[in-house]
Every structure is written in C-alpha cells, then in structure tokens.
Amino acid sequence: MKRSAFILLSILLLSGCANSTGSYVDIESEKAQQAELISELDTYEFTSGKPTELDEKPFNISSLGITSIGTKTFCIGGVGVSSCVLDTESERFSHLCNIAGCAHSENSPGCLDQLQMNAPVAASNGLYFTSGNALMLFDGKEQEPIYENTFSTSYEKEFFPDSPNSLGGIMSQGGRLYILGASWFQTFDVTTNTASEPVILSEDSSIISYAANEDYLFFCTENNELFSCTFADNKLKKLDDKAGQVSVSGGRLYYIKWEGQTPILMSAERDGSSPQRLIENCYVGCCITDKAIYYTHFHADEGKVYVYDLKTGKTAECDISCKVREDNADTEDIDEEICYPQGGFMPRIIWNAQTDKVFVLDTITDGDGQLTNGRIGFVFKNGSKDHSIITDGV
C-alpha cells in the first residue's frame, strides 16, 4: 500500500466561441491555420546564470506537470506524452523542443518534447524538476543535475529498499524550492544550490499531497490525515482526517475532505484553523484563482466545468462540450466525431495570473489506453464562465 501510494504520487506529478452545446470544430483546418502562426510567435528563451524569477507554485499535486513563467505555461507530459508550451497571451501552443529540423515525434532522436520531468517548476533560467534522487535543471537545450540527495529515513529504507533516496517532488513559494521525499522535506536555495537539513514529517506513512505558505507546510499522508508543519520550529500539528489534495491560495488553505465517496472542498484560515465546507462534489484538479474556483465533479459530467464565485458564493455550470470532426486514417470513415472534453478524466485547469486567463486543457486516451494531452483547450476570462476554443496547432 505504501509503495503504491508513493508511486501514484510520482505518476500524478508527471503528469471561435463555444458557448452553445453541439458546436463543431474542423480540427485539421484549425491546426493548419495555427501552424502558420507558430513561426510568428516569440519563442521562449531562458536566461543564463542564477534565476531572477521563480514560478510561485506552492503546490504540485493537482497541477500535473503544469508550470508558468510570465505568459508562458509549460505543459509537461508523462510517459509517452509530448510536452508543449502554451502562450497564454496569444492563446497558441508551440513545441517545447527548439532543435532545428526536429520532427517532434516519439521517434525523433533527442527530441526535447519527450523529456521526462517530474514535478517541474519554471524559473527564468530553466525548468527545475526531479529525476530519481537528483534535482535537475533544464535550460532549454540540455538537462543537468544540480543536487543529489543521499538522505533517507528508516521508513524509506524499509518500504523502498531499491530507491530509498528518491525524491517525490518539488514546489516553490517565496522564491525558494521545497524538495520532498516520501516522508520528509527540505528547502533548496536556487541562488547557491544548497539544501537545508531534512525535516522528517512522518514515520509510518508516505506524503501524497502538500502545499506551503510563508509560515507553514501543509501535507496529507496516505492515511488521509492532514498536518501542518511550522517552519519556525518544525512543529507538527494534525488538522483533519479523511483529507487529501491540499493547496494554498489567496492566504487561505484549501483541501478535499471525503464524506463516503463524495469529495468536499474545505476552506480554512492560513494556519489551517476554522475549516468550513465550501463546495460539494469537487474533484481533484480544481483551480483556485483570486476570483473563482474552476472544478469538475468526481464522477465527471461530460463537457461540464463549474465556476464558483469566491465573492458571492454562487456556482455557475458551464457546458464546454463540442464535437470535433477530424480525419481518421485507420478507418474508411473520413469524418470522425469526437466529443470534448472526454468524460471520466480529469482536465488540466490552469490560471495564468499575468494574463488573468483560465485554461481548461482536455485529457483523452489513445488507442492503447495511455492518458495523453487533449487536442482541444478552452480559455476563460478569470471569474467568468464565458469561453472560447483553442486547438493544438503544433
């Protein structure tokens, strides 16, 4: 159980208007038009040297490989899933790989779209991520280890004997990185490339969700217990049971509390005190902005996203379903209708504060059942349910 929970954490970390139902998009035509625009877009370029800017990403568990710097959002895929870059200003996708002449396919030698990055955090000088027991930095051209962990507890040695020093993930808050193992954490200074002494958080359970503000680290264990750890003295305090998916936004703590099979989104003070029920049936992967919460239900309603107004407390249902006609080379039927977003899967919901837009990126399965990036996205004005469609274009 403990081994599978930590593996699940690693997998999770890797990982025109349409306001009317039944609208159609000719995806091949859209892609052809947008491909012409790709060459006109300013491509991302990391700076050299020490980072001057770091993505304020105080949690990772629900962002599934998404990290932003400025108007550029990096959508990092998992095994067999290509990565891409979303320009949130132009609302267009481009390749992560910038190697001249690269075909950007799974079989392209050295294609950067295929790099595996666990728990990426964007910075002005590149993408920080974990691989095995190493903290890595990808500068746009190559990746290199900048820190290798040698610490492990008796817990890791017992339950992960083949890889006791492996890192579970990273997050960022206040200009510094937090590195997490299965049962411990440490901070990392990106200007000096030095790590603090590890702090043990649990002696009998893996950490499966975590978040931080200036004073506290919050985390949930595989036993569904929610704790806080005070940075000033590393004091632990249990906050709740049957909890999961913890996050921090706008000076408040948010987490999921399970009531049977129903996930309830809870909201608490910045120290975790005075929790209150906020949204019933709020699935993991919800996106909390400064104006609203965008979420889907646990048992996904195909094509439905819900918008909870943080000021009024009212929820609006948003139908973003559409049908896509695309060529299907595997069958004699030229026009294949596919409904987006695909029901039953968790979409990636992203808020880019600089452009103040919310993006919902569909996730689908390919013919082999592998979860892949969807070819359709939807963009909302922050706080609104009005939206438009964007397509892959790469």
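Here are the numbers:
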quantity	calculated
Any hit, segment 183-190, residues being more than 30 Å from residue 53 (Cβ to Cβ) and touching a Phe, Trp or Tyr at 6+ places or on another chain (Cβ under 6 Å)	yes
Pairs where the first residue, in segment 39-57, is closer than 19 Å to residue 170 by Cβ and the second is modelled with pLDDT under 85 and of a type in the set (Asp, Glu), C-beta under 9 Å, 6+ apart	none
Test: residue in segment 332-344 that is touching a strand residue (DSSP E or B) at 6+ places or on another chain (Cβ under 6 Å), closer than 20 Å to residue 384 by Cα and modelled with pLDDT of 80 or more	no
Which listed residue is within 22 Å of residue 182 (Cα to Cα) and either of a type in the set (Asp, Glu) or in contact with a Cys (Cβ under 6 Å, 6 or more places away or on another chain) (or both), from 144, 148	148
Residue 268 open to solvent by 40 Å² or more (accessible area, probe 1.4 Å), out of contact with any helix residue (DSSP H, G or I) (no Cβ under 7 Å at 6 or more places or on another chain) and within 26 Å of residue 184 (Cα to Cα)	no
Evaluation of residue 194 against (1) over 21 Å from residue 268 (Cβ atoms); (2) touching a Pro at 6+ places or on another chain (Cβ under 9 Å); (3) at pLDDT below 95; (4) surrounded by fewer than 19 Cβ atoms within 10 Å (Cβ to Cβ) (one fails), failing number	(2)
Any pair with Cβ under 9 angstrom, 6 or more apart, that starts in segment 243-257 at a residue that is more than 16 Å from residue 222 (Cα to Cα) and open to solvent by 10 Å² or more (accessible area, probe 1.4 Å) and ends at one that is outside any strand (DSSP E or B) and among the β-branched types (Val, Ile, Thr)	249/289; 250/289
All strands (runs of 3 or more DSSP E) inside segment 184-287 with 2 or more residues being among the aliphatic types (A, V, I, L, M)	207-212, 236-240, 243-249, 252-259, 262-268, 276-280
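Every residue, every condition in (1) among the acidic types (Asp, Glu); (2) open to solvent by 40 Å² or more (accessible area, probe 1.4 Å), yes or no:
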| position | (1), (2) |
| --- | --- |
| 76 | no, no |
| 100 | no, yes |
| 140 | no, no |
| 145 | no, yes |
| 148 | yes, yes |
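The values are calculated or read from the model by the stated rules, or taken from the named source; none is laboratory data. On a predicted model such as this, the values are computed, not experimentally measured, just so you know. Virtual Cβ from ideal backbone geometry, glycine too; neighbours counted across all protein chains shown. These area figures cover heavy atoms from the full protein model, side chains too; ligands, DNA and RNA do not enter into them. Shrake-Rupley method; radii C 1.70, N 1.55, O 1.52, S 1.80 Å.
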